[in-house]
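Novice: Questions regarding the structure given below will be posed in turn.
The values are calculated or read from the model by the stated rules, or taken from the named source; none is laboratory data. Keep in mind that what you see is a predicted model, and the values were worked out from it rather than measured. Positions of Cβ are backbone-derived with ideal geometry, glycine not excepted, and every protein chain shown enters the neighbour counts. When the accessible area is computed, the model is the full protein with side chains, heavy atoms only, and any ligands, DNA or RNA have been set aside. Shrake-Rupley method; radii C 1.70, N 1.55, O 1.52, S 1.80 Å.
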Amino acid sequence: MFVDLQQDWAAGVAAGLAADGLARFDSIRTRAQLVTLGASLGQVVPHRDSGDDGVTTLEHRAGLAHRLGFEGFGTGSLLPHTDRSGVPEPPALLLVVCGRKSVTGGECIAIDGRAVYSDLAENWPGAVEALTQPRTALFGGASGHLGSVFEQAKGGRIRVRYRRDGLVQYSPDITRWLPTLDAAIERHMIRFKLEPGQGYVLHNHRWLHGRSAFTGERIMYRLSLNPHPEFAIPSGFLAAGALGVAS
């Protein structure tokens, strides 16, 4: 869903998130505008790498890019993942705006976890059963969060938590299903480029995201948020057919 911010502002973004878990927009020209939009949409959740305003500037930093967990500051590809998987309650929303586009590459990657779940449920039900079992994935290292790829949430909803790097360990019971999961993620992957001032916000409990490798001085600005309650943006998704709804 593409939102006209000049007409709808945060309410339009919230409507897109409630419907699809993802909304795209443009016309954010300054960091201050990004912070204002974020504050209108939800409560800012500080990040390890963010400034005092909660914004993280994602740009090439050679001294950091080689460190585990800091790959966002490099120029290489980022595998699909959900943010802050190593904490018990990851922030719900991820707001990203382009400050400077790359010369080549640098496409944004997004995958709807509901589509992946439905694909697996129809074609590989054993994978869904395994990937929903509690305490089968340790996210974020030894002091991180012990959970599962698909988590049962309130109201029969399902949340997704995922990464594929050195900061996750999967149990032998689900390791055999990871290639099947990765293939489903690949099937439902969408790619798009952002021009300066363009951005997107996604529900981190439903959508995975990543990027392709790039050249040039690409800069992205990121905010983590928990939505204001009045927007009634649900966490995760309902599996297809649940309560007669697929959202």
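Novice: Contact list please: Cβ distance under 7 Å, first residue in the range 33-54 and under 13 Å from Trp9 (Cα atoms), second residue at pLDDT below 90, pairs at least six apart or on different chains.
Specialist: The qualifying pairs are Leu37/Ala10; Ser40/Trp9; Ser40/Ala10; Leu41/Ala10.
Novice: Let me confirm something: among Leu178, Leu194, Leu202, which residue is of a type outside the set (D, E, K, R), farther than 24 Å from Glu107 by Cα and open to solvent by less than 20 Å² (accessible area, probe 1.4 Å)?
Specialist: Values: Leu194 fails: farther than 24 Å from Glu107 by Cα; Leu202 fails: farther than 24 Å from Glu107 by Cα.
One residue alone meets the criteria, Leu178.
Novice: What are the pairs with Cβ atoms under 6 angstrom where one residue, in the range 94-123, is farther than 16 Å from Phe25 by Cα and the other, located anywhere, is open to solvent by 10 Å² or more (accessible area, probe 1.4 Å) and modelled with pLDDT under 95? Sequence gap at least six, or different chains.
Specialist: Within 6 Å, the pairs are Ser118/Ala240.
Novice: Could you list all residues from the range 93-121 that are out of contact with any His (no Cβ under 6 Å at 6 or more places or on another chain), small (Gly, Ala, Ser) and outside any strand (DSSP E or B)?
Specialist: Correct list: Ser102, Gly106, Gly113, Ser118, Ala121.
Novice: Tell me, which residue of the range 160-169 that is at pLDDT 95 or above and open to solvent by 30 Å² or more (accessible area, probe 1.4 Å) is nearest to Arg114 (Cα to Cα)? Explain how you work it out, then say what you get.
Specialist: Taking the range 160-169 and keeping what is at pLDDT 95 or above, we get 160-163, 168-169.
When the remaining residues are screened for being open to solvent by 30 Å² or more (accessible area, probe 1.4 Å), the result is 163, 169.
Values: Arg163: 16, Gln169: 23 Å.
Only one residue fits best here, namely Arg163.
Novice: Now for a separate question. Would the range 188-206 turn up any residue that is assigned to a helix (DSSP H, G or I), more than 18 Å from Gly236 (Cα to Cα) and either modelled with pLDDT of 95 or more or hydrophobic (A, V, I, L, M, F, W, C) (or both)? Full working, then the answer.
Specialist: Residues of the range 188-206 assigned to a helix (DSSP H, G or I): none.
No, because not a single residue in the range 188-206 is assigned to a helix (DSSP H, G or I), more than 18 Å from Gly236 (Cα to Cα) and either modelled with pLDDT of 95 or more or hydrophobic (A, V, I, L, M, F, W, C) (or both).
Novice: In the range 220-232, which residues are open to solvent by 20 Å² or more (accessible area, probe 1.4 Å) and in contact (Cβ under 8 Å) with a residue 60 or more places away in the chain? Steps first, please.
Specialist: Here is the first cut: in the range 220-232, the ones open to solvent by 20 Å² or more (accessible area, probe 1.4 Å) are 221-222, 226-232.
Hits for the range 220-232 are Tyr221, Arg222, Asn226, Pro227, His228, Phe231, Ala232.
Novice: Right, something else. For the range 80-105, name all the residues that are buried (at least 17 other Cβ atoms within 10 Å of the Cβ) and under 25 Å from Leu181 (Cα atoms). Talk me through it step by step, then tell me what you get.
Specialist: Looking only at the range 80-105, we keep the residues that are buried (at least 17 other Cβ atoms within 10 Å of the Cβ), and these are 80-86, 90-99, 101-102.
Matches in the range 80-105: Pro80, His81, Thr82, Asp83, Arg84, Ser85, Gly86, Pro90, Pro91, Ala92, Leu93, Leu94.
Novice: Among the candidates Arg24, Arg61, which residue alone is open to solvent by 20 Å² or more (accessible area, probe 1.4 Å), farther than 20 Å from Arg84 by Cα and in contact with a strand residue (DSSP E or B) (Cβ under 6 Å, 6 or more places away or on another chain)? Write out each step before concluding.
Specialist: Numbers: Arg61 fails: in contact with a strand residue (DSSP E or B) (Cβ under 6 Å, 6 or more places away or on another chain).
When all the criteria are applied, what remains is Arg24.
Novice: Counting just the residues of the range 38-71 that are among the small types (Gly, Ala, Ser) and at pLDDT 90 or above, which one comes out nearest to His228 (Cα to Cα)?
Specialist: From the range 38-71, those among the small types (Gly, Ala, Ser) are 38-40, 42, 50-51, 54, 62-63, 65, 69; that's our starting set.
Now drop any that are not at pLDDT 90 or above, which leaves 38-40, 42, 54.
On the way: Gly38: 10, Ala39: 9, Ser40: 8, Gly42: 5, Gly54: 16 Å.
Looking at the filtered set, the residue picked out is Gly42.
Novice: Which number in (1) touching a residue at least 24 places away in the same chain (Cβ under 8 Å); (2) more than 26 Å from Ser50 (Cβ to Cβ); (3) open to solvent by 10 Å² or more (accessible area, probe 1.4 Å) marks the one condition that Pro134 misses?
Specialist: Looking at each condition in turn, Pro134 falls short on (1).
Novice: Could you list, in sequence order, the residues of the range 133-165 that are farther than 13 Å from Pro88 by Cα, more than 18 Å from the chain's Cα centre (by Cα) and hydrophobic (A, V, I, L, M, F, W, C)?
Specialist: Ala142
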